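Peer 1: One structure coming up, written as structure tokens, with questions to follow.
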Amino acid sequence: MTQAEIKLCSLLLQEHFGEIVEKIGVHLIRTGSQPLRVIAHDTGTSLDQHNLVIYQVHKRGVVEYEAQCSRVLRMLRYPRYIYTAKTLYSDTGELIVEELLLNGKMAMSAVVKKVADRLTETMEDGKTMDYAEVSNTFVRLADTHFVQRCPLVPATENSDPGPLPPAPTLVINEKDMYLVPKLSLIGKGKRRRSSDEDATGEPKAKRPKHTTDNKEPIPDDGIYWQANLDRFHQHFRDQGIVSAVANRMDQTSSEIVRTMLRMSEITTSSSAPFTQPLSSNEIFRSLPVGYNISKQVLDQYLTLLADDPLEFVGKSGDSGGGMYVINLHKALGSLATATLESVVQERFGSRCARIFRLVLQKKHLEQKQVEDFAMIPAKEAKDMLYKMLSENFISLQEIPKTPDHAPSRTFYLYTVNILSAARMLLHRCYKSVANLIERRQFETKENKRLLEKSQRVEAIIASMQATGAEEAQLQEIEEMITAPERQQLETLKRNVNKLDACEIQVDETIFLLESYIESTMKRQ
């Protein structure tokens with residue numbers, strides 16, 4: 001765990017959960033797994049439940065807690081998860097995923113009611129959101145594995161007459177992970193009213209008393225759901241591959257690859273190096289309705305994709321008109337390499353990028369060979385090589401002719417270790433995001449008084465609008481914020497929006513590099 005990762009985790013925990021959780025999380029990240037009483041003694045606080053901490057029983061019978069740094073870093077990607085759900089499943093899917101991320105884990109019935117109430121709040125008067133509609137969207141999210149059940153305590157543990165274990169063992173049957181309980185949720189979302197009226201406008205005094213006394217049991221009590229972040233990551237990876245194919249070839253090729261990925265999204269594990277083999281006939285039948293290409297044209301495109309040097313698509317057999325797979329590992333490698341090339345070009349210029357691509361292509365080159373192949377003067381080539389070497393984008397490998405490693409009898413070969421360079425760039429991305437968060441917090445703190453004043457004025461205006469105030473009165477309240485203050489607020493808003501956009505863009509690079517490193521480590 002690097003200092004950059006620890007610092008970023010600290011900032012994310014503080015921003016999302018406050019100083020207490022940040023204190024506990026950083027303590028666990030730095031010290032490793034510890035018993036609860038030691039954590040309580042060292043920090044004087046207790047833990048929250050957002051899947052950020054796991055526990056295990058030590059061999060001496062003590063329960064130890066351990067922070068999941070990777071899960072903490074995923075909080076940086078929450079806006080992207082929510083936006084993806086909105087893109088795929090409209091506003092209802094967006095709010096379902098948002099509630100699950102904000103609460104960690106929830107019962108389906110609770111999610112459906114909360115989302116229906118929130119959607120009803122945004123609708124026109126007289127319109128409400130039906131529970132059944134929200135429930136259907138939840139089922140679709142479960143069918144496509146974007147949400148999954150949380151592990152539970154098995155029933156055998158509770159029925160065992162022997163002594164209870166120090167901590168329960170949570171298990172989940174894989175076939176039940178996406179099984180939605182059969183619920184008959186009947187009702188509609190409710191609007192929040194004033195304290196003396198309910199959602200129907202009826203005063204509290206007229207409500208029947210039995211509505212509060214006869215509480216029905218929750219139909220899915222004990223069955224909790226959480227967002228399946230691995231499935232979202234799989235979707236992000238697939239989108240990146242489709243975009244890369246579209247940029248390299250054309251829109252038809254990318255649509256064919258998209259169809260293959262969509263056919264394999266449930267059957268292929270998110271960590272698999274290849275998708276499941278798909279026949280040309282299956283791909284043809286699964287193409288989007290209205291996408292008018294013939295079977296012969298599809299076969300030509302598949303052959304073209306399989307022959308491409310990047311090898312995103314590979315041929316694995318000849319049955320069914322030809323069996324094809326998508327090489328996910330090579331695709332991630334190509335995307336990571338393209339990212340490194342882009343960074344080199346932006347940081348050192350186009351000539352350095354030319355040398356970097358040349359070393360990538362030739363694997364190993366001496367300095368004189370680099371000068372000749374790149375057609376760059378010796379002095380400039382030497383400066384560029386040493387500059388990239390000092391920044392760890394390329395590495396130097398020594399091959400001695402004799403055991404004494406004498407410089408005059410040693411080959412010095414430049415090479416690119418993509419895995420090492422990706423790790424170095426990932427570390428810098430963590431530092432960049434931490435700097436962006438700190439800068440945003442500084443901007444907000446510097447303008448705290450002005451922000452509070454603006455919020456007070458907006459609250460007063462909203463209150464007066466609700467009571468039917470005249471336009472002149474509203475204009476008078478708005479003038480409480482002077483023109484220079486309004487300009488300062490606009491500048492602050494613009495700066496914060498830029499910082500937020502930069503965070504999202506850097507996180508896209510982080511995701512790509514993490515996916516490549518994880519895929520590479522699993523193959524070694």
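The values are calculated or read from the model by the stated rules, or taken from the named source; none is laboratory data. In this text the structure is predicted, and so the values were computed from the model without any measurement. Don't worry about glycine lacking a Cβ; one is built from the backbone with ideal geometry, like all the others, and counts go over all protein chains shown. Side chains included, ligands, DNA and RNA excluded: accessible areas come from the protein's heavy atoms. Shrake-Rupley method; radii C 1.70, N 1.55, O 1.52, S 1.80 Å.
Peer 1: State all residues of the stretch 361-387 that are aliphatic (A, V, I, L, M) and touching a strand residue (DSSP E or B) at 6+ places or on another chain (Cβ under 9 Å); if no residue qualifies, say none.
Peer 2: Within the stretch 361-387, L365, V370, L385 meet the criteria.
Table: residues versus (1) touching a helix residue (DSSP H, G or I) at 6+ places or on another chain (Cβ under 8 Å); (2) at pLDDT 90 or above; (3) surrounded by 15 or more Cβ atoms within 10 Å (Cβ to Cβ).
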| position | (1), (2), (3) |
| --- | --- |
| L305 | yes, no, yes |
| L310 | yes, no, yes |
| S319 | no, no, no |
| L358 | yes, yes, yes |
| V370 | yes, no, yes |
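Peer 1: Another one. Residues I376, I326: which one is in a loop (DSSP other than H, G, I, E, B) and either modelled with pLDDT under 90 or under 30 Å from Q239 (Cβ atoms) (or both)?
Peer 2: Exactly one of I376, I326 is in a loop (DSSP other than H, G, I, E, B) and either modelled with pLDDT under 90 or under 30 Å from Q239 (Cβ atoms) (or both), namely I376.
Peer 1: Separate question: Every residue in the stretch 223-268 that is open to solvent by 20 Å² or more (accessible area, probe 1.4 Å), assigned to a helix (DSSP H, G or I) and free of Cβ contacts under 8 Å to residues at least 24 places away in the same chain, please.
Peer 2: Across the stretch 223-268, the qualifying residues are Q239, S243, A246, N247, Q251, R258, M263.
Peer 1: With the structure loaded, tell me whether R423 is open to solvent by 90 Å² or more (accessible area, probe 1.4 Å) and closer than 26 Å to S350 by Cα or whether it fails that test.
Peer 2: Taking the combined requirement at face value, the residue satisfies it.
Peer 1: Still on this structure: Quick test for you: out of N392, N435, pick the one residue that is in a loop (DSSP other than H, G, I, E, B) and closer than 22 Å to L513 by Cα.
Peer 2: N392
Peer 1: A further question on this structure: Is it the case that K363 is open to solvent by 50 Å² or more (accessible area, probe 1.4 Å), touching a residue at least 12 places away in the same chain (Cβ under 8 Å), closer than 23 Å to V245 by Cβ and not polar (S, T, N, Q)?
Peer 2: The answer is no for K363.
Peer 1: Give I461, I477, I481, I517 a once-over and let me know the one that is out of contact with any strand residue (DSSP E or B) (no Cβ under 9 Å at 6 or more places or on another chain), modelled with pLDDT of 85 or more and not hydroxyl-bearing (S, T, Y).
Peer 2: Selected residue: I517, the only one of I461, I477, I481, I517 that is out of contact with any strand residue (DSSP E or B) (no Cβ under 9 Å at 6 or more places or on another chain), modelled with pLDDT of 85 or more and not hydroxyl-bearing (S, T, Y).
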